[in-house]
1. Kindly establish whether A:Thr48 is in a loop (DSSP other than H, G, I, E, B) and on the phi < 0 side of the Ramachandran plot.
2. Please go through the range A:56-93 and pick out each residue that is within 12 Å of the chain's Cα centre (by Cα) and either within 8 Å of chain B (Cβ to nearest Cβ) or without any contact (Cβ under 8 Å) to a residue 40 or more places away in the chain (or both).
3. Are there any pairs, at least 6 apart or on different chains, whose C-beta atoms fall under 7 Å, with the first in the range B:137-154 and closer than 15 Å to B:Ser20 by Cβ and the second surrounded by fewer than 15 Cβ atoms within 10 Å (Cβ to Cβ) and modelled with pLDDT of 95 or more, and if so, which?
4. Just to be sure, is B:Arg113 surrounded by fewer than 21 Cβ atoms within 10 Å (Cβ to Cβ), among the basic types (Lys, Arg) and more than 8 Å from every other protein chain (Cβ to nearest Cβ)?
5. Looking at B:Thr139, is it surrounded by 17 or more Cβ atoms within 10 Å (Cβ to Cβ), among the hydroxyl-bearing types (Ser, Thr, Tyr) and within 14 Å of another protein chain (Cβ to nearest Cβ)?
6. Just the residues that are part of a loop (DSSP other than H, G, I, E, B) and more than 15 Å from B:Leu157 (Cβ to Cβ), please, taken from the range B:178-195.
7. Answer yes or no: is there a residue in the range A:123-131 that is outside any loop (DSSP other than H, G, I, E, B) and within 8 Å of another protein chain (Cβ to nearest Cβ).
8. If we scan the range B:174-185, do we find a residue that is surrounded by 12 or more Cβ atoms within 10 Å (Cβ to Cβ) and within 13 Å of another protein chain (Cβ to nearest Cβ)?
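The values are calculated or read from the model by the stated rules, or taken from the named source; none is laboratory data. Note that the structure is predicted; figures quoted are calculated from it, not measured. Here the Cβ is made from the backbone with ideal geometry for all residues, glycine too, and neighbour counts use every protein chain on show.
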Amino acid sequence: MNALVLSALSMDEEHGDAALEAVETRLRERGYDVDTVDVAAARVAPCTGCGRCGLKTPGRCVVKDDMQGIFRRIVASDVLVLATPVRFGSYCAELKKVIDRFQPLMAPIYAVRNGEMHFRGRYALPALLGVGLVREAGEGGSGGAEADAFRFLIGRLAVNLDVAHAAAAFVGGDERLARAELDRTVDAIAREAS
Amino acid sequence: MNVLVIDGSRRAKSNTGVISRDLAARLAAAGLTVDLWRVPKWDAAPTELDVALAKLAACDAVVLVAPVYLDELPAVTQRLLESLHERRAELNGHAPLFYSVAHSGFPEPIQRRAELASMRFFAEQMGWPWQGGVGFGGTSPIDGRPLEEAGMFSRQLRKCLPSVVADVAAGRPFSPDTMARCDKSPFPVPLRLVVWVVNAGTRKTVRTESLELEDRVYGGQAPGGG
């Protein structure tokens with residue numbers, strides 16, 4: 001099984017390396033071949049919203065940069081991990097720049113999903129695991145309100161991409177953010193992905 | 001009252017630009033001094049942030065208008081907020097009122113909820129008074145046209161922006177009524193009919209131009225294993 005980790009954890013100089021190592025270790029312990037892309041170092045331009053991947057060159061992004069390879073690695077993986085410092089309850093900008101380019105993964109035909117209007121999926125996409133790096137634990141060690149917002153966001157991305165299995169977990173410098181939660185979440189997503 | 005309206009999109013002919021310009025004009029007509037400024041490019045020089053900080057230091061209120069990309073702010077706008085947060089000490093405690101406007105092509109309010117929450121977290125972490133956020137759905141058909149030329153597709157915006165302006169001009173938070181009235185579907189028909197009509201137009205283009213919409217150019221499998 002393959003896990004692709006799109007990581008912006010390097011944007012947190014203090015805790016990012018340890019957080020990424022924790023995620024990679026847990027995935028390897030569960031039998032995954034782990035492929036990690038440091039999105040902050042990747043050559044990825046922001047999406048210009050040109051729309052060509054819709055009807056001009058259906059399914060193909062015309063921007064020739066590292067996203068071409070990232071698309072191939074996404075559709076070949078069993079689990080896609082989006083790992084990021086949580087900024088204002090969201091992905092940090094370096095990871096969002098990559099996510100903004102996901103449009104070619106969807107077809108320019110609309111569907112009603114969850115009672116909402118969305119693009120139809122183009123690929124059978126991997127299970128989705130969001131890993132948020134938060135600085136301080138909130139009530140109950142959960143990571144607080146921003147973590148709750150990030151969890152909601154990962155669920156929303158799953159609906160957008162028509163991904164059946166998605167979950168979020170949190171790591172941080174605060175010991176109250178139990179690594180057990182990360183273990184449980186990786187276990188759950190591994191079960192679902194298999 | 002000095003208001004800084006931030007156009008949170010770098011897309012050419014963007015609907016965000018249309019809404020920002022319309023809102024700025026309405027605020028000016030209401031007697032406010034308005035500065036309209038566009039979010040910098042991803043690779044903009046650091047001096048662009050100096051410009052932003054100077055504008056923020058000179059304003060009493062900020063209205064951030066942004067599109068929704070996959071439920072959240074575009075990366076360039078997220079980056080601006082992160083950069084401002086890193087340099088917030090340079091504002092020496094100046095705390096403008098912060099309002100936000102999120103819009104997207106999808107009609108359901110839930111598709112804008114995460115972005116509006118992020119703007120609230122930003123305001124709180126900047127120490128700026130959060131004045132609320134409003135959402136608008138179904139904006140794609142505006143297609144870069146001035147609101148008055150976009151007919152029924154801009155009706156919801158034209159109907160609700162006066163309430164937005166009234167709240168900003170009074171320096172009060174968006175009222176629950178303003179927030180509830182803005183984010184309603186502009187389509188007066190059931191969602192499945194909207195989807196059918198839009199897809200019919202797309203399929204006509206596909207037939208005319210002999211396109212293969214389902215191509216999977218990056219490999220992989222079709223949804224459902226087909």
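1. Working: in a loop (DSSP other than H, G, I, E, B): yes; on the phi < 0 side of the Ramachandran plot: yes.
Yes.
2. A:Ile74, A:Ser90, A:Tyr91, A:Cys92
3. Every condition considered, the pairs that remain are B:Leu147/B:Arg158.
4. Here the answer is no, as B:Arg113 does not meet what is asked.
5. Against the criterion (surrounded by 17 or more Cβ atoms within 10 Å (Cβ to Cβ), among the hydroxyl-bearing types (Ser, Thr, Tyr) and within 14 Å of another protein chain (Cβ to nearest Cβ)), B:Thr139 qualifies.
6. Passing the criteria: B:Pro188, B:Val189, B:Pro190.
7. no
8. Within the range B:174-185, one or more residues are surrounded by 12 or more Cβ atoms within 10 Å (Cβ to Cβ) and within 13 Å of another protein chain (Cβ to nearest Cβ).
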